[in-house]
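**Student:** Have a look at the structure that comes next, please.
The values are calculated or read from the model by the stated rules, or taken from the named source; none is laboratory data. These numbers were taken from a predicted model, which means no experiment stands behind them. Here the Cβ positions follow ideal geometry from the backbone for every residue, glycine too, while neighbour counts run over all protein chains shown. Calculation scope for accessible area: heavy atoms of the full protein, side chains included, ligands and nucleic acids excluded. Shrake-Rupley method; radii C 1.70, N 1.55, O 1.52, S 1.80 Å.
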Amino acid sequence: MTSEYKLIAVRKAMRDCGLAAVIVPSQDPHQSEYVAAHWKAREWISGFSGSAGIAVVTLDHAGLWTDSRYFLQAEQELAVSGLTFHKQTVPGAPEHLDWLKATLKHGDKIGIDGALLSIDAEAALRQTFEGTGIALMTTCDPIGMAWTDRPSLPTAPVFAHAEALAGKTRMEKLAAIRAEMATVGADSHLSIALDDIAWTFNLRGRDVECNPVFYAYALIASTSATLFVDAAKLPSDIVLALAQDGVSVRNYADLGLALAGLQGKLLLDPSLTSAALAQEIGTACTLLHGASPAIQLKAIKNAVELAHIRQTMARDGVALLRLYRWLEATMASGETVDEYTVGERLAALRASQAGYFGESFPAIAGYASNGAIVHYRPAAEGSATLKPEGIFLLDSGGQYLDGTTDITRTIALGEVPAAAIIAYTMVLKGHIALAKAQFPQGTAGHQLDPLARMHLWSQGLNYGHGTGHGVGFFLNVHEGPHSIGSAVNLRSREPIVPGMIVSNEPGYYENGQWGIRIENLVVCITGACTSSGQFYAFETLSLFPIDATLIDRDLIDKAEWSWLQTYHQTVYDRLSPLLDAAEQAWLLEKCAPYLG
């Protein structure tokens, strides 16, 4: 179905529902960032494939709103679909809700699927339109009515994640959640987020691209728990193991019935629980609104998980080394290499490493101007050919049974502009400043964010994305509750505590020319305890050389150079035992500028 006919079908459904507009968010009923094909309604109607954005369709207009990370991508993809591109968080440009308020009239109705709208989001929407005479309807879904060839829900089997890797048993995790429930007086807890559920029950799945999760809900009581999941996806040995731990299994679609008969005090997260589910909860149940206990518990990695991720980083570094060594040799021989081929080759090299499961996100392989597209994804057909000049940015990651990786390196393929050298050096200085940070207990991500930006700011430069995101353990590559970025992002207001893994990824992007980003994963560790209190620091986990040819050495101070020396010595010491002689020589050549 073409974009034109999709809009015709959606508008017919809107008229049938009496709607003047429909809002199409990016989420699924679990408020996931990345969703199964069944829930890609916004992509279906707009053609925009980025992970964040909102489509709005009225009877005479169709538009897509997204933020600066996706501006260039949205311009390219919407040019094909025909929808109008609207920029989010840009001064002078109305947000989609402001646009709707200015466009619609008293008595009009806006539709949005209540299954995709959290309790908090519904309340905010209703408040936004209060007093305008514009009504919100959450029970009519024009997209679902028009999407006649919609993919079915995933059916891939669920599998166990070994306790030897997880570091804690299912019963230990349930006990920790129940302890948190007890502190607020909850009799039961409704778990919504897919990664929370996978972590809690030491289970994994293949329902969402790049995220080893499965579609399910969970109701956790003081002495029992129920997992709501398609029973056909659970092998009999898992069902038996769950039963031995007091966990029963019911069908995914049965949650509403269970909620209708629930009594006592129910703890739920209003930022995750859908408005549609909230309507299912019986009147005998008292609601307690609060954050899901699993979010914080899973973010703080235990000693077993951290030991595994350190080993995983070494294997991941070996795969990267073999990719870049191959790339150098291939280009030196005069063979043609394009961006897509680089990503495919890297995935294959990672697949040769023990415990590999898949990519943690599709590789962002951007040559020259494509590197300025923050979330660029090269296509199999028409991706750019690498040339022996300019800059190549590669942001990639792997899912392994024993950890999740995410690393970005920017390299020179030949001569580069002087401005790029300065920008790269400022990005590196910011990366080092954050990696070296010592900060008092209670420090939040937004307080650390300026460390990564201050050197760019000194040159009048900046970047539009956050500096760091939490990372799961064989789970989602983007994980809360913490992040490093602007205080506008609620996650960046969360204190960083020992055990939390977060990315360190400042960058700079010159539209139409090149992009620069340097990313390692770091883990918060306990530092010195002084008369001023407890301090924390970061341990860098990722292991791969940083391109020395792009650095203006005159702009690097002694302390920064010392960090680079220590880091590259660690890279060489950790990776070289896993390499053959030729690979060791290549690695030494890349580390030598820092070690001499």
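**Student:** Tell me the accessible surface of THR89 in square angstrom (1.4 angstrom probe, heavy atoms of protein chains only), to the nearest ten.
**Tutor:** 110 Å²
**Student:** Using amide H atoms built in the peptide plane, which far-off residues or other-chain residues are under 5 Å from GLY527 H to H?
**Tutor:** PHE535, TYR536, ALA537
**Student:** Where does the chain land at 222 nm, in deg cm²/dmol rounded to the nearest 500, when only DSSP H runs of n ≥ 4 count, each adding -39500 (n - 2.57), divided by all residues?
**Tutor:** Helices in the chain give a 222 nm mean residue ellipticity of -11000 deg cm²/dmol.
**Student:** Going 7 Å from the Cα of THR286 toward and past its Cβ, which residues in the range 184-226 have a backbone nitrogen under 13 Å from where you end up?
**Tutor:** 184-188
**Student:** On to the next question. Calculate the length of the line joining the C-alpha centroid of the range 510-588 to that of the range 464-508, in whole Å.
**Tutor:** 19 Å
**Student:** Let me ask you something else. For CYS140, what accessible area in Å² do you get when you roll a 1.4 Å probe over the heavy atoms of the protein chains, rounding to the nearest 10?
**Tutor:** 20 Å²
**Student:** R0 = 45 Å: FRET efficiency of ALA93 with GLN244, Cβ-based, nearest 0.05?
**Tutor:** Working from the Cβ atoms, E equals 0.20.
**Student:** Spelling out what I want: for every residue of the range 479-485, take phi, set θ = phi - 60°, compute 6.51 cos²θ - 1.76 cosθ + 1.60 (Karplus), and round to whole Hz; glycine and proline get x.
**Tutor:** Ordered by residue, 3J(HN,Hα) equals 9, x, x, 10, 6, 10, x Hz.
**Student:** Which net charge results when you count Lys and Arg as +1 and Asp and Glu as -1 among the other residues whose beta-carbon is under 13 Å from that of PHE159?
**Tutor:** Cβ neighbours under 13 Å give a net charge of +1.
**Student:** Pop out the ³J(HN,Hα) list for the range 179-192 in order, Karplus 6.51 cos²θ - 1.76 cosθ + 1.60 with θ = phi - 60°, rounded to Hz; leave Gly and Pro as x.
**Tutor:** 3J(HN,Hα) across the range 179-192, in whole Hz: 5, 5, 4, 4, 5, 10, x, 8, 8, 8, 9, 9, 9, 10.
**Student:** Can you tell me the length gained on complete extension of the stretch LEU59 to VAL488, counting 0.36 nm per residue apart and subtracting the Cα distance?
**Tutor:** Difference between extended and current length: 151.1 nm.
**Student:** On to the next question. Roughly how much of LYS387 is accessible, in Å² to the nearest 10, using a 1.4 Å probe?
**Tutor:** Roughly 100 Å² of LYS387 is accessible to a 1.4 Å probe.
**Student:** For SER224, put the label point 7 Å out on the Cα→Cβ axis and report which residues of the range 248-272 keep their amide N under 19 Å from it.
**Tutor:** The answer is 248-267, whose backbone nitrogens lie closer than 19 Å to the label point.
**Student:** Between LYS101 and SER68, what is the label-point separation in nm under the 7 Å Cα-to-beta-carbon projection?
**Tutor:** That separation, rounded to one decimal, is 2.4 nm.
**Student:** Could I ask something else about it? Using a Förster radius of 45 Å, what is the FRET efficiency between MET137 and ALA164 based on their Cβ-Cβ separation? Nearest 0.05, please.
**Tutor:** 0.35
**Student:** In nm, what is the difference between 0.36 nm times the number of residues separating THR385 and LEU578 and their Cα-Cα distance?
**Tutor:** Additional length available on full extension: 66.4 nm.
**Student:** Cross-link candidates for LYS40: which lysines have Cα within less than 17 Å, leaving aside residues fewer than 8 places away along the same chain?
**Tutor:** Excluding near neighbours in sequence, the set is LYS6.
**Student:** List, in the order given, every pair from LYS168/LYS436; LYS12/LYS109; LYS168/LYS298; LYS168/LYS301; LYS301/LYS429; LYS429/LYS558 whose Cα-Cα distance in the structure shown is over 19 Å.
**Tutor:** Result: LYS168/LYS436; LYS301/LYS429 exceed 19 Å.
**Student:** Test of the criteria: in the range 68-154, which trypsin sites (Lys or Arg not before Pro) are in a DSSP loop and have at most 16 other Cβ atoms within 10 angstrom of their Cβ?
**Tutor:** Counting only loop positions with at most 16 other Cβ atoms within 10 Å, the trypsin sites (Lys or Arg not before Pro) in the range 68-154 are LYS105.
**Student:** Compute the long axis of helix 558-575 from its Cα atoms, compare it with the longest principal axis of the Cα atoms of the chain, and write down the angle in degrees, 0 to 90, nearest 10.
**Tutor:** It is inclined by approximately 80 degrees.
**Student:** Within the range 298-338, report the GluC sites (Glu not before Pro) that DSSP leaves as loop and that have at most 13 other Cβ atoms within 10 Å.
**Tutor:** Qualifying residues, ordered by number: GLU335.
**Student:** Count charges around SER352 for me, please; just the other residues with Cβ under 12 Å from its Cβ, Lys/Arg as +1, Asp/Glu as -1.
**Tutor:** Counting the neighbours of SER352, the net charge comes to +3.
**Student:** Sticking with this structure for a sec: Where a Cα-Cα gap under 16 Å defines reach, which aspartates and glutamates qualify for LYS87, not counting those fewer than 8 residues away within the same chain?
**Tutor:** Leaving aside aspartates and glutamates fewer than 8 places away in the same chain, those within reach of LYS87 are ASP67, GLU75, GLU77, GLU95, ASP98.
**Student:** Between beta-carbons, use under 12 Å as the cut-off and find the net charge around LEU578, counting Lys and Arg +1, Asp and Glu -1.
**Tutor:** Computed value for this residue: -1.
**Student:** Can I ask one more? Calculated FRET efficiency, GLU539 and TRP326, Cβ-Cβ r, R0 22 Å, to nearest 0.05?
**Tutor:** My answer for the efficiency is 0.15.
**Student:** Between the range 63-85 and the range 110-142, how many Å separate their Cα centres?
**Tutor:** 24 Å
**Student:** Oh, and also: For the pair GLN263/SER562, report the inter-label distance in nm, with labels modelled 7 Å from Cα in the Cβ direction.
**Tutor:** 6.7 nm
**Student:** Taking 7 Å along the Cα-to-C-beta vector as the label spot, tell me the ALA231-ALA303 distance in nanometres, rounded to one decimal.
**Tutor:** For the pair ALA231/ALA303, the computed spacing is 4.2 nm.
**Student:** Output the lone cysteines of the chain: those with no second cysteine's C-beta under 4.7 Å from their C-beta.
**Tutor:** Taking the Cβ cut-off of 4.7 Å, the unpaired cysteines of the chain are CYS210, CYS285, CYS524, CYS529, CYS591.
**Student:** Can you give the angle from 0 to 90° between the axis of helix 445-457 and the longest principal axis of the chain, with both taken from C-alpha atoms, to the nearest 10?
**Tutor:** Once rounded, one gets 40 degrees.
**Student:** Which of THR286, GLY343, GLY246 sits closest to the plus end of the dipole of the chain, meaning its Cα is farthest towards the positive end, when Lys and Arg get +1 and Asp and Glu get -1 on the C-beta?
**Tutor:** Of the listed residues, the answer is THR286.
**Student:** Same structure again: Report, to the nearest whole %, how much of the accessible area of the range 175-291 belongs to carbon and sulfur atoms, 1.4 Å probe, protein only.
**Tutor:** So the carbon and sulfur contribution to the accessible surface is 53 percent.
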